[in-house]
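Everything below concerns the one structure shown next.
The values are calculated or read from the model by the stated rules, or taken from the named source; none is laboratory data. Here the structure is a predicted model, which is why all the values come from computation and not from measurement. Virtual Cβ from ideal backbone geometry, glycine too; neighbours counted across all protein chains shown. Ligands, DNA and RNA are excluded from the accessible area calculation, which covers all protein heavy atoms including side chains. Shrake-Rupley method; radii C 1.70, N 1.55, O 1.52, S 1.80 Å.
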Amino acid sequence: MKIITITNQKGGAGKTTTVDATLSGLKNKGFNVLAIDLDPQCNLTFSLNADLSLPNILDVMTGEADIGEAIQKSPRGDFIAGSKQMSRAEMIFTDTGKEYCLKEALSKLKARYDYVLIDTPPALGILTINALTACNSVVIPAQADIYSIQGIERLFDTINAVKQYTNNKIKVAGILLTRYSDRAVLSKTMADMAAQISTKMKSKVFTASIREAIAIKEAQLSQQSIFDYAKNSKVSDDYSEFVDELIAETK
């Protein structure tokens with residue numbers, strides 16, 4: 001079971017969109033996939049039209065529910081809903097070993113899924129540390145602007161700390177550029193900066209980049225996958241290319 005955390009502490013980088021599209025893309029290729037919403041904003045939970053009466057990931061991580069009870073089905077793949085109460089995570093998770101709550105829960109699913117995708121909050125707190133401790137690989141979506149790119153260096157420091165203390169097998173699969181325009185000089189400059197940072201991280205920038213497209217927001221509003229809502233669009237092609245690249249990178 002390959003566990004992939006999609007993270008960047010800067011909001012608006014495309015984390016949830018990337019989890020959503022990758023969930024659908026992998027399922028369309030015949031893989032058994034589970035997505036987990038660790039973001040208190042619960043955007044992925046909304047997008048997948050979750051049943052909020054069922055246990056969520058906070059219930060699982062606090063031991064109030066078994067992980068199997070929290071798994072929901074959708075046409076785009078299996079998922080576990082988030083909870084807005086996770087905004088209090090720093091107060092909830094205080095015991096020794098708090099970094100391992102998610103990893104321990106996921107250990108029960110090893111024979112059930114090919115991939116697990118973890119959506120994280122725009123912060124480097126205990127929820128993101130849990131996601132990084134539990135995963136094999138990290139994907140860093142980064143909007144092609146200076147603040148998003150610069151934020152990756154701070155994330156790099158966090159990943160190194162996780163590697164030292166809680167997960168020595170963690171690997172950065174790559175940086176995924178989002179809201180990208182190959183016609184814009186700024187986007188190309190940001191791509192060069194991302195490449196330099198990825199070299200320091202002993203990683204790469206994915207060849208695939210995700211262009212700016214209104215179809216993404218429309219798909220989210222209609223609670224559909226980008227592959228269903230606009231299957232012939234260029235941004236759908238972008239995400240399809242990324243999914244193929246991710247499969248190859250995480251073999």
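In the range 43-74, which residue that is in a loop (DSSP other than H, G, I, E, B) and either among the charged types (D, E, K, R) or touching a residue at least 40 places away in the same chain (Cβ under 8 Å) (or both) is least open to solvent (accessible area, probe 1.4 Å)? Before you say what the answer is, go through the steps one by one.
Narrowing the range 43-74 to residues in a loop (DSSP other than H, G, I, E, B): 48-56, 62-66, 73-74.
Filter once more, so that each one left must be either among the charged types (D, E, K, R) or touching a residue at least 40 places away in the same chain (Cβ under 8 Å) (or both): 48-49, 51, 64, 66, 73.
Details: Leu48: 11, Asn49: 109, Asp51: 69, Glu64: 141, Asp66: 66, Lys73: 149 Å².
This residue is Leu48.
Taking the range 105-124 as the range and being of a type outside the set (A, V, I, L, M) and surrounded by fewer than 16 Cβ atoms within 10 Å (Cβ to Cβ) as the test, the residues that pass are Ser107, Lys108, Lys110, Arg112, Asp114.
If a residue has to be in a helix (DSSP H, G or I), of a type in the set (Gly, Ala, Ser) and buried (at least 24 other Cβ atoms within 10 Å of the Cβ) to count, how many in the range 132-151 make the cut? Show your work before the answer.
As a first pass, look at the range 132-151 and keep what is in a helix (DSSP H, G or I): 132-134, 146-151.
Next, only the ones that are of a type in the set (Gly, Ala, Ser) stay: 134, 148, 151.
Filter again for buried (at least 24 other Cβ atoms within 10 Å of the Cβ), leaving 134, 148.
Within the range 132-151, residues that are in a helix (DSSP H, G or I), of a type in the set (Gly, Ala, Ser) and buried (at least 24 other Cβ atoms within 10 Å of the Cβ) number 2.
Those helices (runs of 4 or more DSSP H) of the range 160-251 in which 3 or more residues are at pLDDT 90 or above and aliphatic (A, V, I, L, M) occupy 214-221, 234-249.
Among the conditions (1) in contact (Cβ under 8 Å) with a residue 12 or more places away in the chain; (2) farther than 28 Å from Ile3 by Cβ, Asp192 misses just one, which is (1).
Can you tell me which residues in the range 15-42 are hydrophobic (A, V, I, L, M, F, W, C) and open to solvent by 10 Å² or more (accessible area, probe 1.4 Å)? If you could, list the steps in order and put the result at the bottom.
First pass over the range 15-42, keeping only residues hydrophobic (A, V, I, L, M, F, W, C): 19, 21, 23, 26, 31, 33-36, 38, 42.
Passing the criteria: Phe31, Cys42.
When you look at Ile80, is it crowded, with 17+ Cβ neighbours inside 10 Å, closer than 23 Å to Ala219 by Cβ, touching a residue at least 24 places away in the same chain (Cβ under 8 Å) and touching a Gly at 6+ places or on another chain (Cβ under 8 Å), yes or no?
On the way: crowded, with 17+ Cβ neighbours inside 10 Å: yes; closer than 23 Å to Ala219 by Cβ: yes; touching a residue at least 24 places away in the same chain (Cβ under 8 Å): yes; touching a Gly at 6+ places or on another chain (Cβ under 8 Å): no.
No.
Pairs are defined by a Cβ separation below 8 Å, a sequence spacing of at least 6 or placement on different chains, a first member in the range 158-175 that is open to solvent by 20 Å² or more (accessible area, probe 1.4 Å), and a second member that is modelled with pLDDT under 95; the pairs so defined are Thr158/Leu124; Lys171/Ser203. Please go through the range 226-244 and pick out each residue that is open to solvent by less than 40 Å² (accessible area, probe 1.4 Å), in contact (Cβ under 8 Å) with a residue 60 or more places away in the chain and out of contact with any Leu (no Cβ under 8 Å at 6 or more places or on another chain). Listed by number, the residues that qualify are Ile226, Phe227, Tyr239. Got at least one residue in the range 223-232 being touching a Ser or Thr at 6+ places or on another chain (Cβ under 8 Å), hydrophobic (A, V, I, L, M, F, W, C) and farther than 27 Å from Pro75 by Cα? No, the range 223-232 contains no residue that is touching a Ser or Thr at 6+ places or on another chain (Cβ under 8 Å), hydrophobic (A, V, I, L, M, F, W, C) and farther than 27 Å from Pro75 by Cα.
Scanning the range 78-106 for residues that are of a type outside the set (D, E, K, R) and modelled with pLDDT of 95 or more turns up Phe79, Ile80, Ala81, Gly82, Ser83, Gln85, Tyr100, Cys101, Leu102, Ala105, Leu106. For first residues located in the range 108-122 and within 26 Å of Thr158 (Cβ to Cβ) and outside any strand (DSSP E or B), partners that are among the charged types (D, E, K, R) and at pLDDT 95 or above and lie 6+ apart or on another chain with Cβ distances below 6 Å form the pairs Pro121/Asp39.
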